[in-house]
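Enquirer: After the structure tokens below, expect a handful of questions from me.
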Amino acid sequence: MISLKIDGENIKVPEGSTLLQAAEKAGVEIPVMCYDDRLDHFASCMVCMVKSRDSGQMLASCSVKAEEGMDIITGDEEVFEARKASLELLLSDHTGDCQAPCQLACPAHMNIPLMNRLLGEGKVDEALQVVQQDIPIPSILGRICHAPCEGACRRKTIDEPVSICLLKRYAGDIGNLQHVSAKTVNQQALKKAIGNKKVAVIGAGPAGLSAACYLQRAGYQCILYEKSDRAGGLLHLAEVMDDSYPEVLDREISQILDTGIELKTNMAVDKDLFEKLLGSSDAIVVATGEIENGIRSWNIESGKNGITIDKSTYQTSHPPVFAIGNVVRSVKSAVRSVGHGKEVAASVHQYLSGEAVKGYPKMFNSRFGKLREEEFGEYLKESHPGKRMEPVAGQGKGFDHTEMQEEAGRCLHCDCRDLHTCKLRIHADRYAANQRRYKGDAFKPVTKVFVHDAIIYEPQKCIKCGICVRLTALHKEKYGFTFIGRGFDVRIGIPFDESLEADLSETAKEVAMACPTGALALK
């Protein structure tokens, strides 16, 4: 055994241990990209840098061996900047989207590509579960949304955008939400809440309903105060060419309320009642629609257009009070109001948990820009050909099952399939990396060159870490991945132009799971 210090802590490790292993023993997490504990070290990414306190030298912790008496620093500003620079160099040669443009354009940040994939496979219930994570009223919005997501759809560049709203509507209309009983949901949620805290939501329009829905799911008891005799607000006034809309409206509002939310109708909140709610509630969400003079008397800072908020958190000048929807600024957009509701729930949860109120979490997002004509064919490899599907029964009736699957299959899948596990994205977010810092001017078209039954390979997302090369060699694949070329032109490929199917006869899924980015991903 040898002795050394990691961030001032004396530890002992077996001789031959790396600094990365020593740090792990000390409970210190060091970011890695090219490291895999099954393989020989490679030290290509330089993201795992640490520093010698004595010499000031930067060391690659995955490959440098621990020595007797070493004094290693893993987290000062110089180490942070060295790791950040390494990540930015990797990002400079990384071309691909984290989130698809449609998801970024959706005010509720719905995972549209995943919904499309599931619908294309006929998995309607699973698709609805995905939608419900971000939008609690998909059937309603599928009929009235102005579809900013479709305006951003990359398929629009090729021919016509995917009919996202009708697909979302199909999921909401046909999918089974698999509700647990309201009583069970309420009891389970309240047990998780800190001290059975209560949140008053003033206004039961789309913003208020959404906020109450996501807060109730998070474990808080929500009480909705609505001045009219029913929940829904302006949703009831939407002009929809569909006779089933009133029934759909009642169904989806009831599904939200059935989670245990308490609705108090014919309850106009004036200054006196607002003061009482401040005393009886742990937090308040104001979602009343356009601001009125009565609200301006509530001693909350407001401006010409509405209540003044922190734009990142929706918090007002009075910390327990948050405001969303048209009472902040008139937008007349139901999906934007729903998005506000979901986001404010995150802020309220942070506030009630005693955390710093930072708002809805947003991660680093790689974007490669407009799709070019030479890239059309690459994306169409995973997509159905043909223009946008129009329902035979008309827009008012929506898609039948066959039409739904055909239209969902037009999605280009321009998101990253490893969105939540990509180490490059996770570390880039943690270190606030700038993707453009070392970006060159050379255009590298996005390609999906090799398609396997189980996985997909997108070379432009590859960071040349060599894990796939070493892993296929370890398993003695007949050909295996290899480095082709030299210097800046090096790339990962397969010898003798063999196909990916022939190459990865044994290790396809294992290689995809080991890839630190979305370059190799499970289909």
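Enquirer: Every residue in the range 341-368 that is more than 21 Å from C106 (Cβ to Cβ) and among the aromatic types (F, W, Y), please.
Expert: Y351, the sole residue that qualifies.
Enquirer: If you take the residues of the range 456-498 that are among the aromatic types (F, W, Y) and either outside any loop (DSSP other than H, G, I, E, B) or farther than 16 Å from M513 by Cα (or both), which of them is modelled with the lowest pLDDT?
Expert: Looking at residues that are among the aromatic types (F, W, Y) and either outside any loop (DSSP other than H, G, I, E, B) or farther than 16 Å from M513 by Cα (or both), I get F496.
Enquirer: Quick check on my filter: what residues within the range 418-447 are in a loop (DSSP other than H, G, I, E, B), in contact with a His (Cβ under 9 Å, 6 or more places away or on another chain) and surrounded by fewer than 21 Cβ atoms within 10 Å (Cβ to Cβ)?
Expert: Q435
Enquirer: Which condition number does A502 fail, the rest of (1) at pLDDT 75 or above; (2) over 20 Å from the mean Cα position of the chain (by Cα) being met?
Expert: All conditions pass for A502, except number (1).
Enquirer: Next question, about the same structure. Could you tell me whether any residue of the range 417-439 is at pLDDT below 85, under 29 Å from K156 (Cα atoms), basic (K, R) and not assigned by TED's automatic domain parsing to the domain that holds R388?
Expert: yes
Enquirer: Related question: Would you confirm, using the coordinates I've provided, whether M70 is at pLDDT below 95, farther than 26 Å from R425 by Cα and either in the same structural domain as I463 (by TED's automatic domain parsing) or more than 33 Å from the chain's Cα centre (by Cα) (or both)?
Expert: So M70 does not fit the description; no.
Enquirer: In the range 298-326, which residues are in contact with an Asp or Glu (Cβ under 7 Å, 6 or more places away or on another chain) and touching a residue at least 60 places away in the same chain (Cβ under 8 Å)?
Expert: N326
Enquirer: Mind checking which residues of the range 86-114 are surrounded by fewer than 21 Cβ atoms within 10 Å (Cβ to Cβ) and charged (D, E, K, R)?
Expert: Once the filter is applied, which keeps residues that are surrounded by fewer than 21 Cβ atoms within 10 Å (Cβ to Cβ) and charged (D, E, K, R), the range 86-114 yields E88, D93.
Enquirer: Select from the range 136-181 the residues that are in contact with a Lys or Arg (Cβ under 7 Å, 6 or more places away or on another chain) and hydrophobic (A, V, I, L, M, F, W, C) and list them in ascending order.
Expert: L141, V162
Enquirer: Counting only residues that are over 21 Å from A204 (Cβ atoms) and acidic (D, E), which one in the range 289-310 is surrounded by the most Cβ atoms within 10 Å (Cβ to Cβ)?
Expert: Within the range 289-310, the match that is surrounded by the most Cβ atoms within 10 Å (Cβ to Cβ) is D310.
Enquirer: Shifting gears a bit: Would it be correct to say that G142 is surrounded by 17 or more Cβ atoms within 10 Å (Cβ to Cβ), touching a Cys at 6+ places or on another chain (Cβ under 9 Å), part of a helix (DSSP H, G or I) and not basic (K, R)?
Expert: yes
Enquirer: Follow-up. Could you look through the range 210-269, keep only residues that are of a type in the set (K, R) and over 25 Å from the mean Cα position of the chain (by Cα), and pick out the one that is farthest from V348 (Cα to Cα)?
Expert: Among those that are of a type in the set (K, R) and over 25 Å from the mean Cα position of the chain (by Cα), it is R251.
Enquirer: Now, a different point. Mind checking which residues of the range 414-456 are of a type in the set (S, T, Y) and closer than 16 Å to D93 by Cα?
Expert: Y438, T447
Enquirer: Quick check on the range 366-378. Is at least one of its residues surrounded by 13 or more Cβ atoms within 10 Å (Cβ to Cβ), more than 30 Å from K197 (Cα to Cα), over 17 Å from the mean Cα position of the chain (by Cα) and hydroxyl-bearing (S, T, Y)?
Expert: no
Enquirer: Quick one: which residue in I140, I135, I202 is modelled with pLDDT of 95 or more and assigned by TED's automatic domain parsing to the domain that holds V240?
Expert: I202
Enquirer: Kindly list, by first and then second residue, each pair from a residue in the range 144-171 that is free of Cβ contacts under 8 Å to residues at least 24 places away in the same chain to a residue that is surrounded by fewer than 24 Cβ atoms within 10 Å (Cβ to Cβ), limited to pairs with Cβ atoms under 7 Å and residues at least 6 apart or on different chains.
Expert: A147/C165
Enquirer: Of the numbered conditions (1) assigned to a loop (DSSP other than H, G, I, E, B); (2) modelled with pLDDT of 95 or more, K362 fails exactly one; give the number of that condition.
Expert: For K362, the exception is condition (2).
Enquirer: Can you confirm whether D40 is modelled with pLDDT under 95 and of a type in the set (D, E)?
Expert: yes
Enquirer: Continuing with this model, one more query. Any idea which residue in the range 245-270 is nearest to E292 (Cα to Cα), counting only those that are of a type in the set (D, E, K, R) and either touching a Phe, Trp or Tyr at 6+ places or on another chain (Cβ under 8 Å) or part of a helix (DSSP H, G or I) (or both)?
Expert: K264
Enquirer: Something else: In the range 98-139, which residues are of a type outside the set (A, V, I, L, M, F, W, C) and not in a helix (DSSP H, G or I)?
Expert: Answer for the range 98-139, where residues must be of a type outside the set (A, V, I, L, M, F, W, C) and not in a helix (DSSP H, G or I): Q99, P107, H109, N111, E121, G122, K123, Q133, D134, P136.
Enquirer: Could you tell me which residue of the range 379-411 is surrounded by the most Cβ atoms within 10 Å (Cβ to Cβ), considering only residues that are small (G, A, S) and not in a helix (DSSP H, G or I)?
Expert: Applying the filter and picking the extreme gives G398.
Enquirer: Follow-up question, since we're still on this one. Out of all the residues in the range 279-296, which are within 31 Å of the chain's Cα centre (by Cα) and β-branched (V, I, T)?
Expert: I284, V285, V286, T288
Enquirer: Further question: Name the single residue that is surrounded by the fewest Cβ atoms within 10 Å (Cβ to Cβ) among those in the range 320-339 being at pLDDT 95 or above and in a loop (DSSP other than H, G, I, E, B).
Expert: By that ranking, first place goes to P320.
Enquirer: Given (1) of a type in the set (K, R); (2) touching a residue at least 40 places away in the same chain (Cβ under 8 Å); (3) under 18 Å from R83 (Cβ atoms), where does R38 come up short, assuming only one miss?
Expert: Checking R38 against (1) of a type in the set (K, R); (2) touching a residue at least 40 places away in the same chain (Cβ under 8 Å); (3) under 18 Å from R83 (Cβ atoms), the one that fails is (3).
The values are calculated or read from the model by the stated rules, or taken from the named source; none is laboratory data. This one's a predicted model, so the numbers in the text were calculated from it and none came from an experiment. Quick reminder, even Gly has a Cβ in these numbers, built from the backbone with ideal geometry, and neighbours come from all protein chains shown.
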